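A.B. asks: Quick one: structure below, then a few questions.
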Amino acid sequence: EKKGTDPSAGSVGSGFKLENKTKGKLQKQTCQVVLDHFEKQYSTELGDAWSSVREVLTYPLCWQHAVLLNKFSHTADLEDTLCAQGYHPAFRGTLPYLPRSLKCYVSRTPRRFPSQKHQAGKLKEYYLLNAASVLPVLALEVKDGEDVLDLCAAPGGKSVAILQCASPGELHCNEYDELRSRWLKQTMESFIPRPLFNLITVSILDGRQIGELKPEFYDKVLVDAPCSNDKSWLFSSDIQQATLRLLQRKELSVLQFQLLRSAIKALRPGGSLVYSTCTLSKAENSDVINLVLNSCTNVIPVDISEIAQAVSQQFTFHSDTQQHELLVLPEKGRAWGPMYIAKLKKV
């Protein structure tokens, strides 16, 4: 689940009956300031698609969670339970890259599989996340033995997904924010067996400097950048904070560009990077990628349209994107995203 969103946020104390839990969720109020801002921007950028997207974004009861199985600890019983409850695999064999060890289950209807508590020394069997969060990892195509950098890694879902796909030579998970870095460490402890820890480095560095610190060191880099988190911003309870966020929104694209520049420096020639956000905002998505392509002569775009074709049953994509980018639009029954993904290769 993406930056700053707790998958269990919005649920009420466990002492309540389920009906109260649902009622509590229903009372979650959309923040009018943010909605007005999005309305103006996204009706222009997304055109006709915006009204159905808005319907999903403003109605948390139709949001969905996917269940990413942990290959290091899950049992066959878990898959049987999921299938019995109407879950099915999110990704099928037509994808250009789909390791057999990656298992992610989704359900057509919005339902919430119970989350597992963190217990020291005990591995969790699964991770709950937005199914669209797995797409950047599939686009990255990590192979065994490759050195991989997850530049903005907290809370750790994408790092966990990378480790379901392959055994990297090294997986460097970085998170600049100290609080979020603790969350990332806890995620790794919950999902990754002790012996594998020597493959993993967790650091608290400014992502903008990693390119200088580790030039041409990695085969693959994931930049899951800090962004305007459309889903959580819409439910800001603090109007002042929401207004401030909207004012500072322009600065995010500057940070995103700097993080990408750093990621490119950290890549070996021939290596590739995937950039992702959980916003619909063009300024933070294709505008940032276009700026990178226009100003960095050592990167070229990589066609990822095959991914969209392979998962078109499960996800809705914005039609107005280029071949090196995808934008997942949330829709009823397929309430995944927002998720923007772009892939570049260093030459």
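The values are calculated or read from the model by the stated rules, or taken from the named source; none is laboratory data. Keep in mind that what you see is a predicted model, and the values were worked out from it rather than measured. Here the Cβ is made from the backbone with ideal geometry for all residues, glycine too, and neighbour counts use every protein chain on show. With ligands, DNA and RNA removed, areas are computed over all heavy atoms of the protein, side chains included. Shrake-Rupley method; radii C 1.70, N 1.55, O 1.52, S 1.80 Å.
A.B. asks: Report relative contact order for the stretch 106-196 in percent, whole number only (criteria: Cα-Cα under 8 Å, sequence separation at least 6).
C.D. replies: On the way: 108 pairs, mean separation 29.1, N = 91.
Normalised by residue count, the contact order of the stretch 106-196 is 32 percent.
A.B. asks: Assign unit charges at the C-beta atoms only (+1 for Lys and Arg, -1 for Asp and Glu), then state the dipole size of the chain relative to its Cα centre in Debye, rounded to the nearest 20.
C.D. replies: 740
A.B. asks: Given the DSSP H assignment, sum -39500 (n - 2.57) over each helix run of at least 4 residues in the chain and divide by its residue total; what's the result at 222 nm in deg cm²/dmol, nearest 500? Working shown, then result.
C.D. replies: Working: 12 runs with 123 residues, N = 347.
So the calculated ellipticity at 222 nm is -10500 deg cm²/dmol.
A.B. asks: Could you compute how much accessible surface THR321 exposes when probed at 1.4 Å, giving the result in Å² to the nearest 10?
C.D. replies: Near enough 50 Å² of accessible area.
A.B. asks: Rank by packing, highest mean first: peptides 115-123, 147-155, with packing defined as the count of other Cβ atoms within 10 Å averaged across residues.
C.D. replies: 147-155, 115-123
A.B. asks: State the percentage of accessible surface on the chain attributable to carbon and sulfur atoms; use a 1.4 Å probe and exclude ligands, DNA and RNA.
C.D. replies: 51
A.B. asks: Shifting gears a bit: Which entries of LYS158/LYS250; LYS158/LYS346; LYS103/LYS282 have Cα-Cα distances beyond 29 Å here? Please list the in-between numbers first.
C.D. replies: Values: LYS158/LYS250 26 Å; LYS158/LYS346 22 Å; LYS103/LYS282 31 Å.
Too far apart for the 29 Å limit: LYS103/LYS282.
A.B. asks: For the chain, what relative contact order do you get, as a whole percent, if you take Cα pairs closer than 8 Å and at least 6 residues apart?
C.D. replies: 19
A.B. asks: With all distinct Cα pairs included, what does the Kirkwood hydrodynamic radius of the stretch 234-279 come out to in Å, to one decimal, could you say?
C.D. replies: Over the stretch 234-279, the inverse of the mean reciprocal pair distance is 12.9 Å.
A.B. asks: Tell me which label goes with the value of Cα extents along the principal axes in Å computed from the coordinates here: [x] 56, 44, 38; [y] 55, 48, 39; [z] 66, 52, 42.
C.D. replies: Label [y] holds the value from this structure.
A.B. asks: Here is a further query. Looking at the chain only, what percent of DSSP beta bridges run antiparallel? Nearest 5 please.
C.D. replies: The antiparallel fraction comes to roughly 60 percent.
A.B. asks: More than 25 Å apart: what percent of Cα pairs in the stretch 214-347 qualify?
C.D. replies: Working: 2669 of 8911 pairs.
Across the stretch 214-347, Cα pairs with separations above 25 Å total 30 percent.
A.B. asks: Another one. Can you give me the accessible area per residue for the stretch 49-201, using a 1.4 Å probe, in Å²?
C.D. replies: 42
A.B. asks: How much length, in nm to one decimal, is gained on full extension between GLU39 and LYS117, taken as 0.36 nm per residue of separation minus their Cα-Cα distance?
C.D. replies: Working: separation 78, 0.36 × 78 = 28.08 nm, distance 3.76 nm.
Additional length available on full extension: 24.3 nm.
A.B. asks: Also, I was wondering about something else. Rounded to the nearest Å, what's the spacing between the alpha carbon centres of the stretch 168-182 and the stretch 98-129? Just the number, please.
C.D. replies: So the two Cα centres are separated by 21 Å.
A.B. asks: Kindly flag which residue pairs out of LYS143/LYS185; LYS28/LYS220; LYS117/LYS332 have an alpha-carbon separation exceeding 32 Å in this structure.
C.D. replies: LYS28/LYS220
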